[in-house]
1. Mind listing whichever residues of region 183-192 are over 33 Å from the mean Cα position of the chain (by Cα) and buried (at least 19 other Cβ atoms within 10 Å of the Cβ)?
2. For region 109-137, name all the residues that are under 34 Å from the mean Cα position of the chain (by Cα) and surrounded by fewer than 16 Cβ atoms within 10 Å (Cβ to Cβ).
3. Specify the residue that is farthest from residue 107 (Cα to Cα); the eligible residues are those in region 161-173 that are buried (at least 16 other Cβ atoms within 10 Å of the Cβ) and without any contact (Cβ under 8 Å) to a residue 40 or more places away in the chain.
4. Here are some conditions: (1) in a helix (DSSP H, G or I); (2) under 17 Å from residue 97 (Cβ atoms). Residue 134 meets all but one. Which one does it not meet?
5. Residues to consider are 152, 143; find the one that is without any contact (Cβ under 8 Å) to a residue 60 or more places away in the chain and buried (at least 19 other Cβ atoms within 10 Å of the Cβ).
6. Which of (1) in contact with a strand residue (DSSP E or B) (Cβ under 8 Å, 6 or more places away or on another chain); (2) over 22 Å from residue 181 (Cα atoms); (3) modelled with pLDDT under 80 is the odd one out, the single condition residue 146 does not satisfy?
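The values are calculated or read from the model by the stated rules, or taken from the named source; none is laboratory data. Remember, it's a predicted structure, so these values are computed and weren't measured experimentally. With ideal geometry, Cβ positions are generated from the backbone for all residues, glycine too; neighbour counts draw on all protein chains shown.
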């Protein structure tokens with residue numbers, strides 16, 4: 001190529017853009033247009049690496065979205081669990097509390113163990129019974145039970161629940177070994193049955 005041709009027109013390729021080419025130069029060099037076209041296509045096909053800052057922002061957005069989704073899922077599960085455990089008020093008698101498919105009555109007055117048992121029986125229920133210590137703790141915490149008679153009494157050398165099931169000593173923490181049992185600070189204590197205390201009745205939920 002002659003120097004004067006180079007001065008008339010130059011082809012410059014910058015960032016995938018091709019500057020206009022002088023028609024005279026293309027006529028003298030017919031392969032120049034084809035070569036430039038190939039170079040342009042090659043530059044367009046080459047993948048461009050995203051800028052580090054944009055990629056970092058995108059990763060943070062994805063992470064934040066994932067955390068928000070997990071938080072929402074946990075809240076949904078907890079909300080569903082609470083609604084599952086607590087019965088609608090219309091399924092329990094007035095002044096009774098629904099919890100885990102059962103209805104509970106917590107007295108405000110005090111009676112001895114036998115009178116408390118009689119009250120529960122007249123209302124189609126029993127003094128509160130439980131299957132294990134964990135359930136008893138959960139019940140005491142939820143219903144805020146404190147110093148209340150429960151359906152557990154000593155017969156001979158063993159304790160029996162109101163429903164006739166013997167107490168499994170390996171499943172409960174029990175203090176003292178008097179005749180009648182009451183709940184005190186998440187543990188089962190016993191005392192003379194004649195002492196006045198509040199009491200807790202339990203009955204199956206209404207269908």
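1. Kept after step one, since they are over 33 Å from the mean Cα position of the chain (by Cα), are these residues of region 183-192: 189-192.
Selection gives 190 alone.
2. Keep residues of region 109-137 that are under 34 Å from the mean Cα position of the chain (by Cα), which gives 125-137.
Across region 109-137, the qualifying residues are 131, 132, 134, 135, 137.
3. Pass one, region 161-173, residues buried (at least 16 other Cβ atoms within 10 Å of the Cβ): 161-162, 167, 172.
Now restrict to residues that are without any contact (Cβ under 8 Å) to a residue 40 or more places away in the chain: 161, 167.
Values: 161: 20, 167: 24 Å.
The qualifying residue farthest from residue 107 (Cα to Cα) is 167.
4. (2)
5. On the way: 143 fails: buried (at least 19 other Cβ atoms within 10 Å of the Cβ).
So the residue among 152, 143 that is without any contact (Cβ under 8 Å) to a residue 60 or more places away in the chain and buried (at least 19 other Cβ atoms within 10 Å of the Cβ) is 152.
6. Just one mismatch for residue 146, condition (2).
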